[in-house]
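Below: one structure in C-alpha coordinates.
The values are calculated or read from the model by the stated rules, or taken from the named source; none is laboratory data. As the structure is a prediction and not an experimental result, all values here were calculated from the model. Note: ideal-geometry Cβ built from the backbone for every residue, glycine included; neighbour counts use all protein chains shown.
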Amino acid sequence: DVKVTQSSRYLVKRTGEKVFLECVQDMDHENMFWYRQDPGLGLRLIYFSYDVKMKEKGDIPEGYSVSREKKERFSLILESASTNQTSMYLCASSLSPAYGYTFGSGTRLTVV
Amino acid sequence: DQQVKQNSPSLSVQEGRISILNCDYTNSMFDYFLWYKKYPAEGPTFLISISSIKDKNEDGRFTVFLNKSAKHLSLHIVPSQPGDSAVYFCAASARSGGSNYKLTFGKGTLLTVNP
(Lines give C-alpha, C1' and ligand atoms only; values in the text may rest on other atoms or scores of the structure.)
Protein backbone atom coordinates (compact mmCIF):
# COMPACT_ATOMS: atom_id res chain seq x y z
CA ASP A 1 0.00 0.00 0.00
CA VAL A 2 1.07 3.53 -0.72
CA LYS A 3 2.04 5.35 2.39
CA VAL A 4 1.91 9.10 2.77
CA THR A 5 3.52 10.30 5.96
CA GLN A 6 3.07 13.74 7.47
CA SER A 7 5.73 14.59 9.98
CA SER A 8 3.48 15.96 12.72
CA ARG A 9 -0.05 15.15 13.84
CA TYR A 10 -0.43 18.26 15.97
CA LEU A 11 1.45 21.56 15.92
CA VAL A 12 1.04 24.78 17.87
CA LYS A 13 2.85 27.83 16.51
CA ARG A 14 2.90 31.52 17.29
CA THR A 15 1.70 34.26 14.98
CA GLY A 16 4.51 35.40 12.70
CA GLU A 17 6.51 32.17 12.93
CA LYS A 18 7.73 30.41 9.81
CA VAL A 19 6.17 26.96 9.75
CA PHE A 20 7.23 23.90 7.76
CA LEU A 21 4.87 20.99 7.16
CA GLU A 22 6.57 17.96 5.70
CA CYS A 23 5.09 15.16 3.63
CA VAL A 24 6.80 12.05 2.30
CA GLN A 25 5.37 9.34 0.04
CA ASP A 26 6.94 5.99 -0.69
CA MET A 27 5.45 4.96 -4.03
CA ASP A 28 7.29 7.08 -6.55
CA HIS A 29 4.21 9.15 -7.40
CA GLU A 30 4.77 12.17 -9.60
CA ASN A 31 1.82 14.12 -8.25
CA MET A 32 1.60 15.55 -4.76
CA PHE A 33 -0.91 17.92 -3.21
CA TRP A 34 -1.52 20.06 -0.15
CA TYR A 35 -5.08 20.68 1.04
CA ARG A 36 -6.57 22.30 4.07
CA GLN A 37 -9.83 21.18 5.58
CA ASP A 38 -12.09 23.56 7.48
CA PRO A 39 -15.63 22.97 8.78
CA GLY A 40 -18.22 23.83 6.16
CA LEU A 41 -15.57 24.52 3.51
CA GLY A 42 -14.51 21.01 2.64
CA LEU A 43 -11.09 20.30 1.13
CA ARG A 44 -9.43 23.28 -0.48
CA LEU A 45 -6.35 22.88 -2.65
CA ILE A 46 -3.40 25.06 -1.64
CA TYR A 47 -0.62 23.92 -3.98
CA PHE A 48 0.26 20.89 -6.01
CA SER A 49 3.26 19.51 -7.84
CA TYR A 50 3.40 17.14 -10.79
CA ASP A 51 7.17 16.78 -10.89
CA VAL A 52 10.31 17.57 -8.95
CA LYS A 53 10.88 21.31 -8.70
CA MET A 54 7.53 21.92 -10.39
CA LYS A 55 4.68 23.54 -8.53
CA GLU A 56 1.34 25.07 -9.32
CA LYS A 57 -1.01 27.20 -7.29
CA GLY A 58 -4.25 25.72 -6.18
CA ASP A 59 -7.36 27.59 -5.13
CA ILE A 60 -6.01 29.26 -1.97
CA PRO A 61 -2.22 29.75 -2.27
CA GLU A 62 -2.01 33.09 -0.50
CA GLY A 63 0.23 32.99 2.55
CA TYR A 64 1.76 29.66 1.56
CA SER A 65 4.67 28.39 -0.49
CA VAL A 66 5.91 24.90 -1.31
CA SER A 67 9.12 23.06 -2.03
CA ARG A 68 9.70 19.85 -3.92
CA GLU A 69 13.41 19.11 -4.17
CA LYS A 70 12.97 15.34 -4.26
CA LYS A 71 10.22 13.27 -5.79
CA GLU A 72 9.13 11.72 -2.52
CA ARG A 73 8.98 14.89 -0.44
CA PHE A 74 6.63 17.85 -0.70
CA SER A 75 6.85 20.60 1.90
CA LEU A 76 4.31 23.28 2.69
CA ILE A 77 5.68 26.52 4.13
CA LEU A 78 3.77 29.17 5.99
CA GLU A 79 6.05 32.18 5.63
CA SER A 80 4.51 34.10 8.53
CA ALA A 81 1.82 32.14 10.31
CA SER A 82 -1.45 33.86 11.07
CA THR A 83 -4.42 32.77 13.16
CA ASN A 84 -6.57 32.28 10.05
CA GLN A 85 -4.19 29.52 9.02
CA THR A 86 -5.31 27.39 11.94
CA SER A 87 -6.62 24.31 10.18
CA MET A 88 -6.22 20.63 9.36
CA TYR A 89 -3.60 20.25 6.63
CA LEU A 90 -3.70 17.19 4.42
CA CYS A 91 -1.03 15.98 2.03
CA ALA A 92 -1.86 13.57 -0.80
CA SER A 93 -0.04 11.81 -3.59
CA SER A 94 -1.28 10.26 -6.79
CA LEU A 95 -0.17 8.31 -9.81
CA SER A 96 -3.07 9.86 -11.71
CA PRO A 97 -6.68 10.83 -10.93
CA ALA A 98 -7.67 7.46 -12.37
CA TYR A 99 -6.15 5.93 -9.29
CA GLY A 100 -7.42 8.56 -6.88
CA TYR A 101 -5.35 10.13 -4.17
CA THR A 102 -3.72 8.62 -1.13
CA PHE A 103 -3.87 10.99 1.80
CA GLY A 104 -1.67 11.32 4.85
CA SER A 105 -3.15 11.37 8.34
CA GLY A 106 -3.17 15.14 8.47
CA THR A 107 -1.53 17.81 10.61
CA ARG A 108 -3.73 19.81 12.94
CA LEU A 109 -2.06 23.23 13.08
CA THR A 110 -3.06 25.80 15.64
CA VAL A 111 -1.65 29.31 15.34
CA VAL A 112 -1.91 31.36 18.52
CA ASP B 1 -17.64 28.67 -8.58
CA GLN B 2 -18.28 25.31 -7.01
CA GLN B 3 -17.99 22.60 -9.64
CA VAL B 4 -18.79 19.73 -7.28
CA LYS B 5 -21.65 20.25 -4.87
CA GLN B 6 -22.83 18.22 -1.94
CA ASN B 7 -25.94 20.07 -0.91
CA SER B 8 -26.61 18.15 2.29
CA PRO B 9 -24.11 19.03 5.02
CA SER B 10 -25.40 16.18 7.17
CA LEU B 11 -27.48 13.02 7.08
CA SER B 12 -28.73 10.84 9.91
CA VAL B 13 -29.98 7.26 9.40
CA GLN B 14 -30.81 4.24 11.53
CA GLU B 15 -28.53 1.25 11.61
CA GLY B 16 -29.56 -1.32 9.02
CA ARG B 17 -31.31 1.19 6.78
CA ILE B 18 -30.04 2.64 3.49
CA SER B 19 -27.88 5.78 3.43
CA ILE B 20 -27.99 7.82 0.23
CA LEU B 21 -25.44 10.58 -0.23
CA ASN B 22 -25.83 12.88 -3.20
CA CYS B 23 -23.44 14.89 -5.33
CA ASP B 24 -23.98 17.22 -8.29
CA TYR B 25 -21.40 18.57 -10.70
CA THR B 26 -21.38 21.30 -13.28
CA ASN B 27 -18.30 20.63 -15.40
CA SER B 28 -19.18 18.47 -18.41
CA MET B 29 -15.50 17.58 -18.81
CA PHE B 30 -15.54 15.51 -15.62
CA ASP B 31 -15.28 11.85 -16.55
CA TYR B 32 -14.17 10.14 -13.38
CA PHE B 33 -15.79 10.31 -9.96
CA LEU B 34 -14.71 9.11 -6.55
CA TRP B 35 -16.02 8.96 -3.02
CA TYR B 36 -13.81 9.37 0.01
CA LYS B 37 -14.59 8.73 3.64
CA LYS B 38 -13.01 10.71 6.46
CA TYR B 39 -12.99 10.10 10.19
CA PRO B 40 -12.05 12.95 12.55
CA ALA B 41 -8.29 13.48 12.97
CA GLU B 42 -7.53 11.16 10.04
CA GLY B 43 -6.89 11.66 6.35
CA PRO B 44 -9.62 10.79 3.81
CA THR B 45 -9.59 7.23 2.52
CA PHE B 46 -10.71 6.13 -0.92
CA LEU B 47 -14.03 4.32 -0.92
CA ILE B 48 -15.32 3.72 -4.45
CA SER B 49 -15.07 5.23 -7.92
CA ILE B 50 -16.92 5.27 -11.22
CA SER B 51 -15.96 6.14 -14.75
CA SER B 52 -18.32 8.08 -16.98
CA ILE B 53 -18.66 5.09 -19.29
CA LYS B 54 -20.59 3.32 -16.54
CA ASP B 55 -23.75 4.20 -14.67
CA LYS B 56 -23.23 1.94 -11.67
CA ASN B 57 -20.38 0.47 -9.68
CA GLU B 58 -20.80 -1.80 -6.70
CA ASP B 59 -18.39 -2.86 -3.97
CA GLY B 60 -19.91 -4.79 -1.10
CA ARG B 61 -22.30 -2.56 0.80
CA PHE B 62 -21.37 0.47 -1.29
CA THR B 63 -22.84 1.33 -4.68
CA VAL B 64 -22.25 4.48 -6.69
CA PHE B 65 -24.75 5.55 -9.36
CA LEU B 66 -23.97 8.06 -12.08
CA ASN B 67 -26.56 9.98 -14.08
CA LYS B 68 -24.59 11.87 -16.70
CA SER B 69 -27.53 13.68 -18.22
CA ALA B 70 -28.44 15.10 -14.82
CA LYS B 71 -24.79 15.56 -13.81
CA HIS B 72 -25.60 13.74 -10.61
CA LEU B 73 -24.09 10.89 -8.68
CA SER B 74 -25.09 9.17 -5.49
CA LEU B 75 -23.52 6.79 -3.01
CA HIS B 76 -25.74 4.11 -1.49
CA ILE B 77 -24.71 2.28 1.66
CA VAL B 78 -26.80 -0.79 2.47
CA PRO B 79 -27.12 -1.76 5.23
CA SER B 80 -25.74 1.21 7.13
CA GLN B 81 -23.59 0.48 10.17
CA PRO B 82 -22.51 2.76 13.06
CA GLY B 83 -18.91 2.46 11.83
CA ASP B 84 -19.98 4.19 8.62
CA SER B 85 -20.44 7.42 10.58
CA ALA B 86 -17.96 9.81 8.95
CA VAL B 87 -17.70 12.70 6.52
CA TYR B 88 -18.08 11.60 2.91
CA PHE B 89 -16.49 13.64 0.12
CA CYS B 90 -17.45 13.42 -3.52
CA ALA B 91 -14.63 14.17 -5.99
CA ALA B 92 -14.32 14.48 -9.76
CA SER B 93 -11.63 14.75 -12.38
CA ALA B 94 -11.38 15.41 -16.10
CA ARG B 95 -8.79 12.90 -17.19
CA SER B 96 -8.94 13.88 -20.81
CA GLY B 97 -9.42 17.55 -20.23
CA GLY B 98 -6.02 18.64 -19.06
CA SER B 99 -6.90 18.91 -15.40
CA ASN B 100 -3.28 18.64 -14.35
CA TYR B 101 -4.23 15.53 -12.41
CA LYS B 102 -6.34 17.46 -9.94
CA LEU B 103 -9.39 16.19 -8.19
CA THR B 104 -12.15 18.67 -7.41
CA PHE B 105 -13.86 17.92 -4.10
CA GLY B 106 -17.28 18.72 -2.73
CA LYS B 107 -17.64 20.17 0.75
CA GLY B 108 -18.60 16.86 2.29
CA THR B 109 -21.62 15.29 4.00
CA LEU B 110 -21.49 14.18 7.61
CA LEU B 111 -23.21 10.81 7.90
CA THR B 112 -24.37 9.67 11.32
CA VAL B 113 -25.63 6.12 11.67
CA ASN B 114 -27.60 5.66 14.87
CA PRO B 115 -27.61 2.26 16.61
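Would you mention how many residues in the stretch B:31-46 are more than 9 Å from chain A (Cβ to nearest Cβ) and not in a strand (DSSP E or B)? Before the answer, list the steps.
Our first condition is that a residue be more than 9 Å from chain A (Cβ to nearest Cβ); within the stretch B:31-46, this holds for B:31, B:33, B:35, B:37, B:39-40.
Among the residues that remain, those that are also not in a strand (DSSP E or B) are: B:31, B:39-40.
Qualifying residue count, the stretch B:31-46: 3.
When you scan the stretch A:51-69, do you find a residue that is at pLDDT 95 or above, small (Gly, Ala, Ser) and touching a strand residue (DSSP E or B) at 6+ places or on another chain (Cβ under 6 Å), even just one?
So far as the stretch A:51-69 goes, yes, one or more of its residues are at pLDDT 95 or above, small (Gly, Ala, Ser) and touching a strand residue (DSSP E or B) at 6+ places or on another chain (Cβ under 6 Å).
Let's see how each residue does on (1) over 30 Å from residue A:23 (Cα atoms); (2) touching a residue at least 60 places away in the same chain (Cβ under 8 Å):
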residue	(1), (2)
B:12	yes, yes
B:21	yes, yes
B:26	yes, no
B:34	no, yes
B:42	no, no
B:62	yes, no
B:90	no, yes
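Any idea which residue in the stretch B:1-37 is farthest from the chain's Cα centre (by Cα), counting only those that are basic (Lys, Arg) and either surrounded by fewer than 14 Cβ atoms within 10 Å (Cβ to Cβ) or over 14 Å from residue B:112 (Cβ atoms) (or both)?
Filtering the stretch B:1-37 for residues that are basic (Lys, Arg) and either surrounded by fewer than 14 Cβ atoms within 10 Å (Cβ to Cβ) or over 14 Å from residue B:112 (Cβ atoms) (or both), the one farthest from the chain's Cα centre (by Cα) comes out as B:17.
When you look at residue A:76, is it crowded, with 18+ Cβ neighbours inside 10 Å, under 10 Å from the mean Cα position of the chain (by Cα) and at pLDDT 95 or above, yes or no?
Working: crowded, with 18+ Cβ neighbours inside 10 Å: yes; under 10 Å from the mean Cα position of the chain (by Cα): yes; at pLDDT 95 or above: yes.
When the stated conditions are applied, residue A:76 passes them.
Next question, about the same structure. Conditions first: (1) on the phi > 0 side of the Ramachandran plot; (2) within 11 Å of chain B (Cβ to nearest Cβ). Residue A:93 passes all but one, so which condition is the exception?
(1)
Turning to a different aspect of this structure: State whether the residues of the stretch B:93-112 include one that is of a type in the set (Lys, Arg), surrounded by 16 or more Cβ atoms within 10 Å (Cβ to Cβ) and under 22 Å from residue B:15 (Cα atoms).
At the first step, the residues of the stretch B:93-112 found to be of a type in the set (Lys, Arg) are B:95, B:102, B:107.
Checking the rest, the ones that are also surrounded by 16 or more Cβ atoms within 10 Å (Cβ to Cβ) come to B:95, B:102, B:107.
Subsequent filtering for residues that are under 22 Å from residue B:15 (Cα atoms) retains none.
Looking for residues that are of a type in the set (Lys, Arg), surrounded by 16 or more Cβ atoms within 10 Å (Cβ to Cβ) and under 22 Å from residue B:15 (Cα atoms), one finds none in the stretch B:93-112, hence no.
What's the number of the condition residue B:113 fails, among (1) more than 8 Å from chain A (Cβ to nearest Cβ); (2) free of Cβ contacts under 8 Å to residues at least 12 places away in the same chain; (3) of a type in the set (A, V, I, L, M, F, W, C)?
In the conditions (1) more than 8 Å from chain A (Cβ to nearest Cβ); (2) free of Cβ contacts under 8 Å to residues at least 12 places away in the same chain; (3) of a type in the set (A, V, I, L, M, F, W, C), residue B:113 misses (2) alone.
Another question about this same structure. Filter the stretch A:27-83 for residues that are in a strand (DSSP E or B), within 27 Å of residue B:9 (Cα to Cα) and aliphatic (A, V, I, L, M); which is nearest to the other protein chains (Cβ to nearest Cβ)?
My answer is A:43.
Follow-up. Taking residue A:59 and the conditions (1) within 18 Å of residue B:103 (Cα to Cα); (2) surrounded by 18 or more Cβ atoms within 10 Å (Cβ to Cβ), which numbered condition does it fall short on, given that it satisfies the others?
(2)
Mind listing whichever residues of the stretch A:55-84 are in contact (Cβ under 8 Å) with a residue 60 or more places away in the chain and among the polar types (S, T, N, Q)?
Kept after step one, since they are in contact (Cβ under 8 Å) with a residue 60 or more places away in the chain, are these residues of the stretch A:55-84: A:78-83.
A:80, A:82, A:83 - these are the residues of the stretch A:55-84 that are in contact (Cβ under 8 Å) with a residue 60 or more places away in the chain and among the polar types (S, T, N, Q).
For the list (1) within 25 Å of residue B:90 (Cβ to Cβ); (2) in contact (Cβ under 8 Å) with a residue 24 or more places away in the chain, I need the number of the one condition that residue A:50 fails.
Against the list (1) within 25 Å of residue B:90 (Cβ to Cβ); (2) in contact (Cβ under 8 Å) with a residue 24 or more places away in the chain, residue A:50 comes up short only on (2).
Then there is this: Among (1) closer than 21 Å to residue B:44 by Cα; (2) in a loop (DSSP other than H, G, I, E, B); (3) within 14 Å of another protein chain (Cβ to nearest Cβ), where does residue A:11 come up short?
Looking at each condition in turn, residue A:11 falls short on (2).
Scan the stretch B:44-57 and give yes if some residue there is among the aromatic types (Phe, Trp, Tyr), without any contact (Cβ under 8 Å) to a residue 60 or more places away in the chain and either within 26 Å of residue A:37 (Cα to Cα) or surrounded by 12 or more Cβ atoms within 10 Å (Cβ to Cβ) (or both), otherwise no.
Within the stretch B:44-57 (the criterion being among the aromatic types (Phe, Trp, Tyr), without any contact (Cβ under 8 Å) to a residue 60 or more places away in the chain and either within 26 Å of residue A:37 (Cα to Cα) or surrounded by 12 or more Cβ atoms within 10 Å (Cβ to Cβ) (or both)), the answer is yes, since at least one residue qualifies.
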